[in-house]
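Taking it in order: structure first as structure tokens, then the write-up.
The values are calculated or read from the model by the stated rules, or taken from the named source; none is laboratory data. Since we're looking at a predicted model, the values are computed, not measured. Cβ atoms come from the backbone with ideal geometry, glycine included; neighbour counts cover every protein chain shown. Note: areas computed on protein heavy atoms with side chains; ligands, DNA, RNA excluded. Shrake-Rupley method; radii C 1.70, N 1.55, O 1.52, S 1.80 Å.
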Amino acid sequence: MNTASNKQLYNHLVNYFNEWKKLKYHPNVTIKPTINSNEFIAFTEQFESHYKTYLNEGHAINIWDICCIGFDEVKHCNVLSWLLDDKGSHGFGNEFFHYFIDYLYNRSKFQFTITKDDINIPYYTSTEVHYESDEDKKSSRIDIKIANERFLIFIEAKVQASETNNQLIRYYRLGKKESAQNKNKPWELIFLTKDGRQPKDQQDDDYNSMLNKVICLSWQEIAVLLRRFSTIQSSRPFLQKVLNQYYIYIKRMFQ
């Protein structure tokens with residue numbers, strides 16, 4: 001059984017289950033099946049041997065399952081930071097970062113302040129970046145920081161936990177301050193959650209200003225970006241496989 005046949009079998013399965021999910025129970029309506037019964041019987045008779053071949057060729061492997069990332073926020077942030085890092089071992093430089101920025105710009109063009117000229121300059125990507133606040137003496141930890149002399153991006157990612165102690169407001173103030181200290185360079189605050197929700201309402205004077213600045217993003221959107229990006233990596237089959245596996249993993253984890 002060659003790889004092309006396995007892929008065709010996989011696509012048939014996906015299409016079958018997608019159609020099956022769309023079926024609704026209507027007791028007074030006769031629904032004409034769209035699946036040919038003879039074809040389905042022939043398919044099921046061949047399924048076991050095809051599935052064994054599928055397993056033997058390693059197509060069931062997902063390295064992210066094996067790594068047991070689960071709902072670990074720090075691990076997911078490390079992977080996302082790696083993807084966005086222009087010096088990452090993935091080898092595609094800033095391609096995914098540009099893909100990510102283009103998506104954010106098209107989605108929030110009246111809100112987004114960073115330009116393509118800004119991101120063409122080398123930048124650095126860091127995780128778990130700690131700041132000490134002069135205002136309330138609390139330590140803040142930015143999940144992902146991406147910056148150069150021309151722009152600044154803070155990403156606060158949530159997997160299962162909720163924000164605490166006015167996190168987004170504190171990060172808004174930190175970003176605003178760092179921007180002001182660097183010739184008012186453009187900066188963005190991204191809030192990444194399971195469903196792309198807004199930060200929780202807080203009784204704070206800066207809450208509405210923060211809402212006008214923050215870009216709320218979902219993990220499902222990250223999954224879609226990965227899927228689209230992986231389709232243009234045909235010249236890098238191993239990397240394409242890794243990207244697609246992470247797409248499948250987070251699509252499943254955050255559905």
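Details
- Comparing TYR246, ALA180, LEU211 along the charge dipole axis of the chain, the residue lying farthest to the positive side is TYR246, per the Cβ-charge model.
- Beta bridges by DSSP in region 145-253, antiparallel share as percent, to the nearest 5: 20
- Rounded to 10°, Cα long-axis angle of helix 237-253 versus longest principal axis of the chain: 80
- FRET efficiency for the GLN220 to HIS59 pair, using the beta carbon distance and R₀ = 25 Å, is estimated at 0.55.
- Phi angles of region 155-163 translate, via the Karplus equation with coefficients 6.51, -1.76, 1.60 and θ = phi - 60°, into HN-Hα couplings of 10, 9, 10, 10, 10, 10, 6, 9, 5 Hz per residue; Gly and Pro are given as x.
- Gaussian network model of the chain, Cα within-10 Å springs - most flexible of ASN120, ASN62, ASN166: ASN120
- Top of TYR16, TYR131, TYR123 by mean-square fluctuation, Gaussian network on the chain, Cα under 10 Å: TYR16
- For the chain, the longest principal axis of the C-alpha atoms and the axis of helix 167-180 are separated by about 60°.
- ASP102 paired with GLN255, simple spin-label distance in nm, labels 7 Å along Cα-to-beta-carbon: 2.9
- Its Cα centre serving as origin, the chain has a Cβ charge dipole (Lys and Arg +1, Asp and Glu -1) of approximately 520 debye.
- Where region 157-202 is the region considered: accessible area per residue in Å², 1.4 Å probe: 49
- Between the helical axis of 219-231 and the longest alpha-carbon principal axis of the chain there is an angle of about 60 degrees.
- Note on the chain: with neighbouring protein chains present and a 1.4 Å probe, carbon and sulfur make up 51 percent of its accessible heavy-atom surface.
- Percentage relative contact order, region 157-216, counting C-alpha pairs under 8 Å, at least six apart: 42
- Per-pair calculated FRET efficiency, R0 = 45 Å: ASN212 and SER89 via Cβ, rounded to 0.05: 0.75
- Shown here for region 197-255: trypsin sites (Lys or Arg not before Pro) in loop regions (DSSP other than H, G, I, E, B) with at most 15 other Cβ atoms within 10 Å, namely ARG197, LYS200.
- Rounded to the nearest 20, the size of the Cβ-charge dipole of region 107-221 about its Cα centre is 240 debye, with Lys and Arg at +1 and Asp and Glu at -1.
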